[in-house]
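Below is one structure, written out as structure tokens; the observations come after it.
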């Protein structure tokens, strides 16, 4: 019976196996003189320290770039919110002005005219208020959509930064392995 777990994926297990099946042996110091072993130890430590420092720099750069992207997205979203607020306030002002004009018309009329026109003007006022309320909702919905787009774009950019950092770290590892191999071969070939 095969292994069964909700966390086990046979396809991923096979991919992992294929990727990692080539085992690298340890670099043996057997047959090396004490000076060669000391030189190998020193060289290995220096290369590993250099690799560690390079990877730290890549991580710091990625963290800084992600932070900058977050701040940029935050500023863009604040600008969108401010524009939406300004539009809503302008709509409120326009609505108030139109309603005030209609109410002033009503005030300047005689009682008979007021009775005739009151319902019509009230309907116009309600229509104006409804229209501006819809405009405000549209502005708010548009701003919400823009902010969501900004967030999604920032998320994609940050993921790209992470992927790039991961790629750079893999390259650093490969270069360090190449240096280690070369240094090992160089030390091993020296006269004891």
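The values are calculated or read from the model by the stated rules, or taken from the named source; none is laboratory data. Owing to the predicted nature of the structure, the values given are computational and were not obtained by experimental measurement. For neighbour counting, all protein chains shown are included, and Cβ atoms are generated from backbone atoms with ideal geometry for every residue, glycine included.
Mind telling me which of the residues 36, 122, 137 ends up being more than 30 Å from residue 170 (Cβ to Cβ), surrounded by 13 or more Cβ atoms within 10 Å (Cβ to Cβ) and at pLDDT 85 or above?
It is 36.
Here are some residues: 133, 148, 143. Which one is under 30 Å from residue 83 (Cα atoms), out of contact with any strand residue (DSSP E or B) (no Cβ under 8 Å at 6 or more places or on another chain), touching a residue at least 40 places away in the same chain (Cβ under 8 Å) and in a helix (DSSP H, G or I)?
Values: 133 fails: touching a residue at least 40 places away in the same chain (Cβ under 8 Å); 148 fails: touching a residue at least 40 places away in the same chain (Cβ under 8 Å).
Residue meeting the stated conditions: 143.
Report whether or not residue 175 is out of contact with any strand residue (DSSP E or B) (no Cβ under 8 Å at 6 or more places or on another chain), farther than 19 Å from residue 55 by Cβ and surrounded by 12 or more Cβ atoms within 10 Å (Cβ to Cβ).
no
I'd like the full set of residues that are under 32 Å from the mean Cα position of the chain (by Cα) and surrounded by 13 or more Cβ atoms within 10 Å (Cβ to Cβ), limited to the stretch 82-93. If you could, list the steps in order and put the result at the bottom.
Initially, the stretch 82-93 is screened for residues under 32 Å from the mean Cα position of the chain (by Cα), giving 82-89.
Correct list: 83, 84, 85, 87, 88.
Hey, could you check the stretch 94-119 for residues that are out of contact with any helix residue (DSSP H, G or I) (no Cβ under 8 Å at 6 or more places or on another chain) and closer than 25 Å to residue 132 by Cα and say which is surrounded by the fewest Cβ atoms within 10 Å (Cβ to Cβ)?
107
Is it the case, given these coordinates, that residue 48 is farther than 30 Å from residue 127 by Cα, without any contact (Cβ under 8 Å) to a residue 12 or more places away in the chain and in a helix (DSSP H, G or I)?
Against the criterion (farther than 30 Å from residue 127 by Cα, without any contact (Cβ under 8 Å) to a residue 12 or more places away in the chain and in a helix (DSSP H, G or I)), residue 48 does not qualify.
Restrict the check to the stretch 56-75 and report whether at least one residue is more than 24 Å from residue 175 (Cα to Cα) and at pLDDT below 90.
No - not one qualifying residue is present in the stretch 56-75.
On the basis of being touching a helix residue (DSSP H, G or I) at 6+ places or on another chain (Cβ under 9 Å), modelled with pLDDT under 90, assigned to a helix (DSSP H, G or I) and under 30 Å from residue 31 (Cα atoms), does residue 187 make the cut? Don't jump to the end; show me each part of the working.
Numbers: touching a helix residue (DSSP H, G or I) at 6+ places or on another chain (Cβ under 9 Å): yes; modelled with pLDDT under 90: yes; assigned to a helix (DSSP H, G or I): yes; under 30 Å from residue 31 (Cα atoms): yes.
Yes; evaluated as a whole, the condition is true for this residue.
State yes or no: is residue 72 closer than 25 Å to residue 156 by Cα and not in a loop (DSSP other than H, G, I, E, B)?
Numbers: closer than 25 Å to residue 156 by Cα: yes; not in a loop (DSSP other than H, G, I, E, B): yes.
Taking the combined requirement at face value, the residue satisfies it.
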